[in-house]
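For reference, the structure discussed in these notes is given below.
Where a number appears in this text, it was derived from the coordinates with a stated rule and is not lab data. Bear in mind that the values here come from a model prediction, so they are computed numbers and not experimental data. Note: ideal-geometry Cβ built from the backbone for every residue, glycine included; neighbour counts use all protein chains shown.
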Amino acid sequence: MSARASALPDFPWDLLEPAKAKAGAHPDGIVDLSVGTPVDPVPALIRRALADASDAPGYPLTAGTPALRAAIAGWLARSCGASGELGVLPTIGSKELVAWLPTLLGVGPGDTVVIPSVCYPTYEVGVLLAGGTVVRSDSLTAVGPARVKLVWVNSPSNPTGRVLPAEHLRKVVDWARERGAVVASDECYLALGWETRPVSVLDDAVTGGDYTGVLAVHSLSKRSNLAGYRAGFVGGDPALIGELLAVRKHAGMILPAPVQAAMIAALGDETHVDEQRERYAARRDTLRTALVKAGFEITHSEAGLYLWATRGEECWQTVDWLAERGILAAPGAFYGPAAAQQVRIALTATDERVAAAVTRLTT
Ligand SMILES: Cc1ncc(COP(=O)(O)O)c(C=O)c1O
């Protein structure tokens, strides 16, 4: 294996294969609540826009078409409360940006990147790809004198569902600016607030229209069921966005033209987002009730696509307990050493499969 590949952790989902096999042996089939992959249809207006743009023989613009850039900027102004002058850039889903942002920003050996103590694994992978040093911390005062180049925040959080208030985000931005660090806020679950309304780092309440050193990372995968299209974008500091564009143009990190057209349609419509949110809300209510009845404790989970649950035991024991009932969940260990007793239960299964899980948990 190359030095680059061997510097990376095991691909977490491979470790779940034995539990998947066990859950798959259930006579009524597996209920897979592990990966948060959307299962509901792509809304018709988005599919139409994709099809209408399918005659696309020429190279698309890395920066996105002017119409897409306007659609992204308009959405960020409306949905994130950003009144200032923003730079915007489409990305090939948000995972690639998370994985490559440290490299694109020039993070290297000797540079530190701060990531949440319990978080989406790709933040760490991106730092390792760049050759930097990862510090897991939710408190910047605990970081010490390290040369911090980049701070990731993720609200609503995957996996915990925790939401960071505007005041917290403002403190992070102030802290980073004092040190010349960039703040990247991964907001791909912003549309999915249940008990709390999530706030964007671009909200005037956080940045007051000055986005210096600030980037907000967004995705249409969850909001619009577009995980298969690979449709994401980043908005914020125009100078930083210009730097990202300069490198990405050379590297061929270009969003396909039909997907660019589909994104314009998706960003111009909130009705399908409201409908999808209703589906997830109903699944969340029934699953939550059933898990509590089965003896689980649910923490955070006030927003996002997951229930963050524990039975007060080692997470792999809980994964096994669920697998015996034909239910597959993600172990907290995937998300950081501080989550060894948690499991993450995704809301991304059909109503029929969620009903099957509820029956298995409560009888
Ligand atoms: C926190 C977080 N960021 C980014 C992503 C990547 O999403 P995508 O690449 O589909 O935009 C995910 C996917 O689950 C996620 O949970």
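Calculate the length of the line joining the C-alpha centroid of region 289-356 to that of region 123-156, in whole Å.
26 Å
Going toward the positive end of the dipole of the chain, with +1 on Lys and Arg Cβ and -1 on Asp and Glu Cβ, which of Leu361, Ser79, Trp100 do you reach last?
Positive-most Cα among the choices belongs to Trp100.
Rank Ala294, Ala333, Ala56 by mean-square fluctuation in a GNM of the chain with C-alpha springs under 10 angstrom and give only the top-ranked residue.
Among Ala294, Ala333, Ala56, the largest mean-square fluctuation in the Gaussian network model of the chain belongs to Ala56.
Rank-order 4-14, 295-305 by packing density, defined as the average count of other C-beta atoms within 10 Å over each peptide's residues, highest first.
Numbers: 4-14: 10.0, 295-305: 19.5.
In decreasing order of mean packing, 4-14, 295-305 become 295-305, 4-14.
Per DSSP helix of 4 or more residues, -39500 (n - 2.57); summed, then divided by the residues of the chain. What does that give at 222 nm, rounded to the nearest 500?
Result for the chain: -12000 deg cm²/dmol, rounded to the nearest 500.
Picking from Ala239, Ala251, Ala231, which is most flexible by a Gaussian network model of the chain using Cα springs under 10 Å?
In this elastic network of the chain, the residue with the biggest mean-square fluctuation among Ala239, Ala251, Ala231 is Ala251.
Out of residues 5 or more away from Thr133 or on other chains, whose amide H comes under 5 Å of its own, with H placed 1.01 Å from N in the peptide plane?
For Thr133, whose amide H was placed from the backbone, the distant partners under 5 Å are Gly110, Asp111, Thr112, Val113.
Residue by residue through region 55-66, which ³J(HN,Hα) values in whole Hz follow from phi under the Karplus form 6.51 cos²θ - 1.76 cosθ + 1.60 (θ = phi - 60°), with glycine and proline marked x?
3J(HN,Hα) across region 55-66, in whole Hz: 7, 10, x, x, 5, x, 7, 4, 6, x, 5, x.
Quick one: of Lys171/Lys222; Lys20/Lys249; Lys95/Lys149; Lys171/Lys249; Lys95/Lys171, which pairs are farther than 30 Å apart, Cα to Cα?
Over 30 Å Cα-Cα: Lys20/Lys249; Lys171/Lys249.
Which translational diffusion coefficient, to the nearest whole µm²/s, is obtained for the chain from the Stokes-Einstein equation, given a Kirkwood hydrodynamic radius over C-alpha pairs, 10 °C and 1.306 mPa s?
Estimated via Stokes-Einstein, D reaches 75 µm²/s.
Pull up the cross-link candidates among the lysines for Lys22, meaning alpha carbon to alpha carbon under 26 Å and not fewer than 8 places away within one chain.
Once the sequence-local lysines are set aside, what remains near Lys22 is Lys293.
Grab the Cα-Cα distance for Asp174 and Ala67, subtract it from 0.36 nm times how many residues apart they are, and report the gain in nm with one decimal.
35.2 nm
Quick query: amide H of Gly193 versus all other amide H atoms, modeled in the peptide plane; which residues come in under 5 Å with a sequence gap of 5 or more or a different chain?
Under 5 Å from the amide H of Gly193: Gly304.
Scan around Asp186 for amide H atoms under 5 Å from its own, H built in the peptide plane at 1.01 Å from N, and keep only partners 5 or more places away or cross-chain.
Amide H neighbours of Asp186: Val153, Asn154, Ser155, Val217.
Note down the magnitude of the dipole of the chain about its Cα centre, charges +1 on Lys and Arg C-beta and -1 on Asp and Glu C-beta and zero elsewhere, to the nearest 20 debye.
280 debye
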